Amino acid sequence: MPNAGGESWSDGKRWLWLLSPALPVIGLGSVLAVMVGAPAAILWALPVIFYGLVPFLDWWIGEDSVNAPESAVAALNSDRYYLRIVYAYIPSQYLATIFGAWLAVNGHLGVGGILGLIVTVGIVNGVAINTAHELGHKTQALERWLAKITLAPVAYGHFFVEHNRGHHVRVATPEDPASSKMGETFWQFLPRTVIGSAQSAWHIEGERLARQKKPVWSVHNENLQAWAMTVVFFGALTMWLGPWALAFLVVQAAFGASLLEVVNYLEHYGLVRQKQADGRYERCQPRHSWNSNHVVTNLFLYQLQRHSDHHANPTRRYQALRHFDGSPQLPSGYAAMILIAYIPSLWFRIMDPKVVKHHGGDLTKANLYPPRREELLARWSRTAPAVKNPEGVDAADVADAPRAEAAAPKLRIDAGTRYQCPNCEYVYDPRIGSPHHGYPAGTPWASIAHDWCCPDCAVREKPDFKPLA
């Protein structure tokens, strides 16, 4: 890939990205091995790799903070090799789920074997949510439909709606069900986020369909579309294999969904955006996400751990996500931090001091768990030493689009004026509208809701848009 200086740049991890679609292949392989006579203990191979080998390799190999030069990003994004890697996850995911259900019913497994099978298939489908996450943020219709298909085996189709149009709008605020609070255990967070995210997804779709003057109980509801895929998939396997297959599918889906939510728990723990004088929250900036450069987990998870850049530029493809020196860092990769999150006392011992330090000792700037707010403020009243620039780099340093928002020549504004998102360059054209979001062609800018967010990046709201000449 030639850069601006005429020199070529190559992705040193190009072939290592294949580790991600290798994960469901490992799960499928262990299931098939037991089906042809291998001992049931093999079903624990993937859990041992996921919870044991990957954290060890993260520790042994360490971190990789290398960013692709911006001059190479266009070529990276247009290289369909990286997209095929994401697509490659899905066939093995479905095969692992189908054969896993067959084995659960017909394999005569003991308790240990059944548990290993549930965890194996649950890991495959839990990590598949990350595949759906990568696809669902893109604007192409095929990728967005594949995201829904990928979510079907884990019965979490509403994630497609809530994550893109809920979490990315409310991230690192008390109102976000997917942002954990300092002092909140994972086991307290789990029911709050599962219930809150489903409610949020339903509310978001209800508002969108109301603007389109369509009933919420209709084929146009993206939650119902995604849930219907799960019903059809689970129903077909149940008709083939019987009710025990359904029991297996439900339990593995619950485990897989919990994997998503424990990752959500890690990503914004204790971090909060401050409210401005106008009542709006400040823009999401690198300081509002926990990051990690531990290379092995990043290879398995499409660099999800470079989370600050993802929130600044949600449509940016995984191979081009960047590390920022000022962003808060987890002490290890997600694979290890998941295990720590399961043990609240250990999690608090490791992460609470980091939250305090990140906020320069001022916990009034942190996202605190309300039942423990006074306790936490009293405990940390002897504040940590203030750190230089605890808030990290500014979002203006990380956005893809130019940020020149200084005084510009005044434009003549009329009903036909187009408006551009300063983050991703999406343009709202009144002649075209945004029909999918309930604004048909001909809807003037003045009729757009004040809290409407960019339909492509969900980073900037209507007041941030700039009129185009």
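The values are calculated or read from the model by the stated rules, or taken from the named source; none is laboratory data. The structure presented is a predicted model; accordingly, all values stated were derived computationally and were not measured. Because the Cβ atoms are built from the backbone with ideal geometry, glycine has one as well, and the counts that use them run over all protein chains shown.
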* Long-range neighbours under 7 Å by Cβ, at least six apart or interchain, first residue on the phi > 0 side of the Ramachandran plot within the range 431-448, second assigned to a loop (DSSP other than H, G, I, E, B) and surrounded by 18 or more Cβ atoms within 10 Å (Cβ to Cβ) -> Gly433/Thr443; Gly442/Pro430; Gly442/Gly433
* To do: Could you please find all residues in the range 320-331 being out of contact with any strand residue (DSSP E or B) (no Cβ under 6 Å at 6 or more places or on another chain), surrounded by fewer than 21 Cβ atoms within 10 Å (Cβ to Cβ) and modelled with pLDDT of 95 or more?
  => Pro331
* What is the number of the single condition among (1) of a type in the set (Gly, Ala, Ser); (2) under 27 Å from Trp59 (Cα atoms); (3) at pLDDT 85 or above that Gly392 does not meet? -> (3)
* Asked: Taking Asn77, is it part of a helix (DSSP H, G or I) and surrounded by fewer than 20 Cβ atoms within 10 Å (Cβ to Cβ)?
  -> yes
* Structure fact -> Per the filter on the range 63-82, residues among the aromatic types (Phe, Trp, Tyr) and more than 17 Å from Asp309 (Cβ to Cβ) are Tyr81
* Picking from Ala141, Ala101, which residue would you name as being assigned by TED's automatic domain parsing to the domain that holds Ala201 and either crowded, with 24+ Cβ neighbours inside 10 Å or acidic (Asp, Glu) (or both)? -> Ala101
* Working only within the range 9-40, note down all residues that are surrounded by 13 or more Cβ atoms within 10 Å (Cβ to Cβ), touching a residue at least 12 places away in the same chain (Cβ under 8 Å) and farther than 20 Å from Ala88 by Cα. => Trp9, Val34, Met35, Ala40
* **Residue in the range 265-284 that is surrounded by the fewest Cβ atoms within 10 Å (Cβ to Cβ), counting only those that are under 16 Å from Val355 (Cα atoms) and not charged (D, E, K, R)** => Gln274
* To do: Answer yes or no: is there a residue in the range 64-73 that is in contact with a Phe, Trp or Tyr (Cβ under 7 Å, 6 or more places away or on another chain), among the aliphatic types (A, V, I, L, M), at pLDDT below 95 and in a helix (DSSP H, G or I).
  => yes
* Considering only residues of the range 207-220 that are surrounded by fewer than 15 Cβ atoms within 10 Å (Cβ to Cβ) and either in contact with a Ser or Thr (Cβ under 8 Å, 6 or more places away or on another chain) or free of Cβ contacts under 8 Å to residues at least 12 places away in the same chain (or both), which is farthest from Ser434 (Cα to Cα)? -> Trp217
* Tell me, please, whether a residue that is farther than 30 Å from Val105 by Cβ and of a type in the set (Ser, Thr, Tyr) can be found in the range 254-264. => no
* Count, please, the residues in the range 418-469 that happen to be surrounded by fewer than 17 Cβ atoms within 10 Å (Cβ to Cβ), of a type outside the set (Lys, Arg) and in a loop (DSSP other than H, G, I, E, B). => 12
* Asked: Yes or no: Glu70 exposed (fewer than 14 other Cβ atoms within 10 Å of the Cβ), among the charged types (D, E, K, R), over 30 Å from Phe99 (Cα atoms) and in the same structural domain as Arg306 (by TED's automatic domain parsing)?
  -> yes
* Of (1) part of a loop (DSSP other than H, G, I, E, B); (2) closer than 26 Å to Ile123 by Cα; (3) touching a residue at least 60 places away in the same chain (Cβ under 8 Å), Pro177 satisfies all except one. Which? -> (3)
* To do: Could you tell me whether Pro153 is at pLDDT 95 or above and either of a type in the set (D, E, K, R) or surrounded by fewer than 24 Cβ atoms within 10 Å (Cβ to Cβ) (or both)?
  => no
* Structure fact -> Considering residues that are more than 24 Å from the chain's Cα centre (by Cα) and either at pLDDT 95 or above or in a helix (DSSP H, G or I) (or both), the number found within the range 10-36 is 9
